[in-house]
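I have placed the structure first, in the form of structure tokens, so that the comments after it can refer back to it.
The values are calculated or read from the model by the stated rules, or taken from the named source; none is laboratory data. Given the structure is predicted, the values throughout are model-derived calculations rather than measurements. Cβ atoms come from the backbone with ideal geometry, glycine included; neighbour counts cover every protein chain shown. Only protein heavy atoms, including side chains, enter the accessible area calculation; ligands, DNA and RNA are left aside. Shrake-Rupley method; radii C 1.70, N 1.55, O 1.52, S 1.80 Å.
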Amino acid sequence: MNTLYFVVPCYNEQEVLPETSKRLLAKLMDMISKGMVAEDSRILFVNDGSKDATWSIIEELHSQDEHYSGLKLSRNKGHQNAVLAGLTYAAKYADITISLDADLQDDIDAVDKFVEEYHNGADIVYGVRSARTTDTAFKRTTAQGFYKVLEAFGIEIVYNHADYRLMSKRAVEALLDFKEVNLFLRGIVPLIGFKTAKVEYERHERFAGESKYPLKKMLNLAIDGITSFSIKPIRFITAAGVVTLGISAIFFLWMIINAIMWGLNAFLLVLFSMWFLSGIILLSLGVVGEYVGRMYMETKGRPRFFIDQFLNKD
Ligand code: UDP
Ligand code: MG
């Protein structure tokens, strides 16, 4: 029987925790009684440096029922780090982890299907939002625009998937082999490989409290997402250099023709020199940038492969 750990990052979630814990426990007990997961399964709340009563609520829950566990970070480290911390600890005890937000915006009834997919052999199951009607128009358009931008940068990402996902023990262990500090889980998890599945669910409204993701945190996440996976922005410099050189060539031709017909024109000479030198400088910057970019990617020391199976007769 498989031990399941729910991993729930919590930042100032005192308004939602009483209800969330109740619903999650009911869900977990239901799954245990149906024999889907083992009795020693847990709901692990990760307190991400909350400034309200979140941690004392978690302590209280833990003392009431052994199915509640708590992990307290030393200070606020952000959603992605809180999830990772929870997974790190959960993977020591669990065969299956499921990460989800404390506000239960992600329909918890989908977890039955998650576990089903796990039993069908999937190591990673992505929760995918079928509709985002409950998000504000602003959140919806910015988020979907963000997925498009990531795609344009060649970053592999599961469309409309946030951090609601199931990961097997070995998938979490593979994830922990990524040592990079700037974490963008949605970009890293697809790099792990193994058999994956998607489960659609409907996204609800936050039932209490307000979003802990203000615009600033969203932008940071977006910038992390792009810069940790792509050095394409550097290519833009190189491309700009090439275009600028192209323009300088036009001025060069113009200057030559002009010189043959009417003699050297100082103004055209200056114009040509300006574009030519700027082009050279931009191109050089791009070349240097390519090396810097390579170094940046190398410093991440990402694992090069993971083994799914090894068939070998001794
Ligand atoms: N969260 C966190 N640390 C932070 C910000 C958010 O652990 O610094 C948690 C938060 O408690 C919630 C999840 O991340 O469980 C998603 O946050 P939220 O629901 O506010 O984001 P939204 O749904 O508005 O995108
Ligand atoms: Mg939310």
### Task
Evaluate the following for Phe267: is it open to solvent by 70 Å² or more (accessible area, probe 1.4 Å), more than 36 Å from the chain's Cα centre (by Cα) and not acidic (Asp, Glu)?
yes
#### Entry: Among residues of region 260-269, those that are of a type outside the set (Phe, Trp, Tyr) and closer than 23 Å to Gly279 by Cα, counted
5
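Quick grid of which residues meet (1) within 18 Å of Tyr213 (Cα to Cα); (2) within 16 Å of ligand 1 (Cβ to nearest atom); (3) in contact with a Pro (Cβ under 9 Å, 6 or more places away or on another chain):
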position: Ser50; (1), (2), (3): yes, yes, no
position: Ala53; (1), (2), (3): no, yes, no
position: Glu60; (1), (2), (3): no, no, no
position: His67; (1), (2), (3): no, no, no
position: His79; (1), (2), (3): yes, yes, yes
position: Thr97; (1), (2), (3): no, yes, no
position: Ala102; (1), (2), (3): yes, yes, yes
position: Asp107; (1), (2), (3): no, yes, no
position: Glu116; (1), (2), (3): no, no, no
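I'm checking my understanding of the structure. Among residues of region 214-240 that are of a type in the set (Val, Ile, Thr) and over 23 Å from Val158 (Cβ atoms), which one is nearest to ligand 2 (Cβ to nearest atom)?
Ile234
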#### Entry: Subset of region 192-241 that is part of a strand (DSSP E or B) and of a type outside the set (D, E, K, R) - its residue that is surrounded by the fewest Cβ atoms within 10 Å (Cβ to Cβ)
Ala197
#### Entry: Output for region 188-213, where each listed residue is within 30 Å of Gln14 (Cα to Cα) and away from ligand 2 (no atom under 15 Å from the Cβ)
Val189, Val199, Glu200
## Note on the structure
Checked region 150-172 for anything more than 14 Å from the chain's Cα centre (by Cα) and either in a loop (DSSP other than H, G, I, E, B) or not basic (Lys, Arg) (or both); matches are Ala152, Phe153, Gly154, Leu166, Met167, Ser168, Ala171, Val172
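Would you confirm whether or not region 16-35 contains a residue that is closer than 15 Å to His67 by Cβ, touching a Ser or Thr at 6+ places or on another chain (Cβ under 7 Å) and open to solvent by 20 Å² or more (accessible area, probe 1.4 Å)? Even if it seems obvious, please write down each step before you answer.
So the first thing to find is which residues in region 16-35 are closer than 15 Å to His67 by Cβ, and the list is 17, 20-33.
Next, only the ones that are touching a Ser or Thr at 6+ places or on another chain (Cβ under 7 Å) stay: 17, 28, 32.
Now narrow it down to the ones that are open to solvent by 20 Å² or more (accessible area, probe 1.4 Å): 32.
The answer is yes; a qualifying residue exists.
Within the group Ala110, Ala143, which residue is of a type in the set (Gly, Ala, Ser), part of a helix (DSSP H, G or I) and modelled with pLDDT of 85 or more? Show your work before the answer.
Values: Ala143 fails: modelled with pLDDT of 85 or more.
Only one candidate passes the filter, namely Ala110.
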### Task
Give Ser69, Ser74 a once-over and let me know the one that is among the polar types (S, T, N, Q) and open to solvent by less than 50 Å² (accessible area, probe 1.4 Å).
Ser69
#### Entry: Set Leu185, Leu215: member being within 16 Å of ligand 1 (Cβ to nearest atom), in contact with a strand residue (DSSP E or B) (Cβ under 7 Å, 6 or more places away or on another chain) and of a type in the set (A, V, I, L, M, F, W, C)
Leu185
### Task
Determine which member of the set Tyr147, Tyr118, Tyr68 is among the aromatic types (Phe, Trp, Tyr), touching a Lys or Arg at 6+ places or on another chain (Cβ under 8 Å) and away from ligand 2 (no atom under 16 Å from the Cβ).
Tyr68
### Task
Search region 180-191 for residues being assigned to a helix (DSSP H, G or I) and out of contact with any Leu (no Cβ under 8 Å at 6 or more places or on another chain), and hand back the single one that is surrounded by the fewest Cβ atoms within 10 Å (Cβ to Cβ).
Leu191
